[in-house]
Amino acid sequence: MITLASTIKQNIRSPIRLIKGIWNFNYTEFRLIFEQSDEMHYIQIGSKIQNTLAKSFILSIFLVITLIAVFSIYTITSVIRYNALESRTAQLEKKRIQVVQALAELSQTNLHSSPNLSQDKLLEMVENFKVREKNTKLLVQYASAELERSNKILRYALNEAGLSRKEYDKLGIQNPLNRRGQGGPSNEIQMSTADNDALAQYQGKMTEHEHLKIAINSLPSKAPVNQALITSKFGPRIHPVTGKLTIHEGIDYSPSFDQNAKAVLPGVVESITYDPKGYGEMVLIDHLNGVKTLYGHLGSVSVRQGQRLNSGDIVGKIGNTGLSTGKHLHF
């Protein structure tokens, strides 16, 4: 025992050497003598028992250390998993709240309290969304049909004014959805993916409708002479001077009281020319979107080249210059 104690004392600072020393120690038998009730007693402990007890002690220590390490690793892993689970739970709850709020917005439902709604309330919101989408679809279909009818009327009006589709597309009008002077908040029309084609067709018809309206608004909508009599319309006619079949590229106005020719749209005077065998004294005005108006057979001119004019400004006096049978304005 004294030798074992010496081995432990020498290796106390090196646990590995201490364990090896105790594990490989050469144990010998010894007796433990003690006195009890004035009698001498002894206990004999063999070398095998000592060796078994020492190795059992070492294994017990290893087992305890292993259990502590396993428990520590399990505890740390559990904490990490719990924190990750808490984080995922918070993310899922946030997404659930966003989904409920989006569904409430789509179904036009007011959330007076927290988004923790019952299953019946969620089903009601879904049903409201389906009804709203159905109504939106019906509205788009009806509005699309109305736009198509309106576009047909506008196209017919342009054709009657002497402009074909190819011609009024050349007016230089930009995409009406990209022009300046528009904006403001709006609620986007949203439908299911299956109805994207219907929305695209509706948007196309609406773009064409805006295009047609701008084309019509770019054309003159009033006469250049007040209370005038139309003596010759646009189109084929027998020429009053030559007697031949010709195309009359304008409208002839014979004045009654007002002798002034007036600008029908805002614009800039592009040119002032004189053609004795044609329109005589004439003024050409350039308007928006590539539209130009010509005022022929004028007796006198009241404007200068490059001058900006407003609608209704006097261009000149109606006359009888050029190839003409009497006082009138060729427009």
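Derivation of every value follows stated rules applied to the coordinates shown; laboratory data play no part. Remember, it's a predicted structure, so these values are computed and weren't measured experimentally. So basically every Cβ, Gly included, is an ideal-geometry build from the backbone, and we count neighbours across all protein chains shown.
Worth pointing out:
- For region 83-90, putting each phi into the Karplus relation 6.51 cos²θ - 1.76 cosθ + 1.60 with θ = phi - 60° gives couplings of 5, 5, 5, 5, 5, 5, 4, 5 Hz, in residue order, rounded to whole numbers and with x for Gly and Pro.
- Amide H contacts of Ser232 (H built 1.01 Å from N, under 5 Å, at least 5 apart or other chain): Asp252
- Proxy reagent accessibility, fewest Cβ within 10 Å first, across Glu39, Glu124, Glu249: Glu39, Glu249, Glu124
- Across region 263-279, rounded Karplus estimates of 3J(HN,Hα) from the backbone phi angles (6.51 cos²θ - 1.76 cosθ + 1.60, θ = phi - 60°) give 5, 8, 8, x, x, 10, 5, 8, 7, 10, 10, 9, 10, x, 9, x, 8 Hz, Gly and Pro being marked x.
- Relative to the Cα centre, the charge distribution of region 229-330, modelled as +1 at Lys and Arg Cβ and -1 at Asp and Glu Cβ, gives a dipole magnitude of about 160 debye.
- Put in order of Cβ neighbour count within 10 Å, fewest first, the listed residues Arg132, Arg81 become Arg81, Arg132.
- Per-residue 3J(HN,Hα) values for region 285-299, derived from phi via the Karplus relation 6.51 cos²θ - 1.76 cosθ + 1.60 with θ = phi - 60°, read 10, 9, 10, 6, 6, x, 7, 10, 10, 10, 10, x, 6, 5, x Hz in sequence order (x marks Gly and Pro).
- Ordered by the count of other Cβ atoms within 10 Å of each Cβ, fewest first, Tyr74, Tyr279 give Tyr74, Tyr279.
- Spatially proximal lysines relative to Lys244 (Cα-Cα < 18 Å; intrachain offsets below 8 disregarded): Lys233, Lys277
- Taking 0.36 nm per residue of separation and subtracting the Cα-Cα distance, full extension of the segment from Asn289 to Ile65 would add 71.5 nm.
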